[in-house]
1. So what's region 68-115 giving for Cα Rg divided by 2.2 N^0.38 Å, two decimals?
2. Scan region 100-191 for GluC sites (Glu not before Pro) in coil per DSSP, keeping those whose Cβ has at most 11 other Cβ atoms within 10 Å, and list them by number.
3. How would you rank 212, 11, going from fewest to most other Cβ atoms within 10 Å of each one's own Cβ?
4. Quick one: if you stick a label point 7 Å off each Cα along the C-beta vector at residue 91 and residue 309, how many nm between them?
5. Could you list the trypsin sites (Lys or Arg not before Pro) in region 79-188 that lie in coil according to DSSP, counting only those with at most 16 other Cβ atoms within 10 Å of their Cβ?
6. If you take the alpha carbon radius of gyration of the chain and divide it by 2.2 N^0.38 Å, what ratio comes out, to two decimals?
7. Kirkwood hydrodynamic radius of region 1-70 from all distinct Cα pairs, in Å?
8. Rank the residues 135, 32 as a footprinting-exposure proxy: fewest other Cβ atoms within 10 Å of their Cβ go first.
Amino acid sequence: MSARITVLAGDGIGPEIMDAGLRVLAAAAEKTGFEYSLDAQPFGGAAIDAAGHPLPEQTLESARAADAILLAAIGSPRYDNAPVRPEQGLLALRSQLGLYANIRPVRIFDSLSHLSPLKPERIEGVSFTVVRELTGGIYFGEHTLKDDSARDVNDYTRAEIERIMHVAFRLAAARKAAGGAGIVTSIDKQNVLATSKLWRIVAEDVAQHYPDVTLEHQLVDSAAMLMITNPARFDVIVTENLFGDILSDEASVLAGTLGVMPSASHGEGPSLYEPIHGSAPDIAGQGIANPISMILSVAMMLRESFDREDAASLIEGAVQAALESGVRTRDLGGDASTEQMTAAILAAL
Ligand code: IPM
Ligand code: MG
């Protein structure tokens, strides 16, 4: 059976890095006999321009019918004061597809460890994953803006917390089976928020099902601190939507660049894979963007949606080899173009 993949290139550097990702996908597929078809659709600012809406109906239909979705990036300062913003398309897509579990792995490439803002001894051994709840909480509560007051509602149900906890515990159990620590760090603001009190209770309940995994709790403020002072202590982090948004950006800079981190969002239906960085409008169209997080998102898709460990590790190995050979885009301290970085990865493949 041929895999159907919806392709959302989006805005800014999106089309450039998507092109690189699809070329690597084609090469890896040819080597491993992975069969697929692509359906490219407008999304984000590009879709506002083309169709007046960041998530046109036909884009949503394509995504629903797909086996997986590849997204590059959306957003542009052109829409900063516009009535409809590209980001609304992303939030609508997450919510329409029920993509409640956002997985953001943090790993440090040895060949890039000098780029980290932290001292080498602090980042040694850092390898953890942020599991962010993506379709609930304050992002999707009622938002009211009046002249002299504003209100955002943060809601969570037990069921919403339970399902994201199961994702985190299953991941920690799998990591433990593969030699990892098997620790879930649940992050909340239980000393202040009711939603966080429920979060902590449900975390304890779910932990009963996973006797091999250790559960610990951290308050979000002190977790933000620990991520800098001792990031190697984390294994799997699970947290609500807003805290996860903030902490996953903090986590992503440990590697010294946003340009090498992929992510996955899972729900009941097709999963979505995207770089964790944005559309970088300042360098769009110049052919200098780092394509690696897009390419690693393709690898994550092959592994997690299509169970193609062969093709996924082929791509990851090629990225590592290309970096070790010294080819670097500007964000990594080199001067390679998107094309040269992609070519090096294709050659290694
Ligand atoms: C992210 C982004 C989005 C979010 C924005 C673009 C709405 O920051 O994916 O982390 O806040 O979730
Ligand atoms: Mg974010």
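1. Dividing the Cα Rg of region 68-115 by 2.2 N^0.38 Å gives 1.64.
2. For GluC sites (Glu not before Pro) across region 100-191 that sit outside H, G, I, E and B with at most 11 neighbouring Cβ atoms in 10 Å, the list reads 142.
3. Fewest-to-most Cβ neighbours within 10 Å comes out as 212, 11.
4. Taking the simple label geometry, residue 91 and residue 309 are separated by 4.0 nm.
5. Sites meeting the loop and neighbour criteria: 146.
6. The chain yields a ratio of 0.97.
7. Mean inverse Cα-Cα distance, inverted, gives 12.7 Å.
8. Exposure proxy ranking, most exposed first: 32, 135.
Every number here is computed from the coordinates shown, using simple stated rules; none is lab data. Predicted model only: the values in this text are computed from it and were never measured. Cβ: placed from backbone, ideal geometry, glycine included. Neighbour counts: every protein chain shown.
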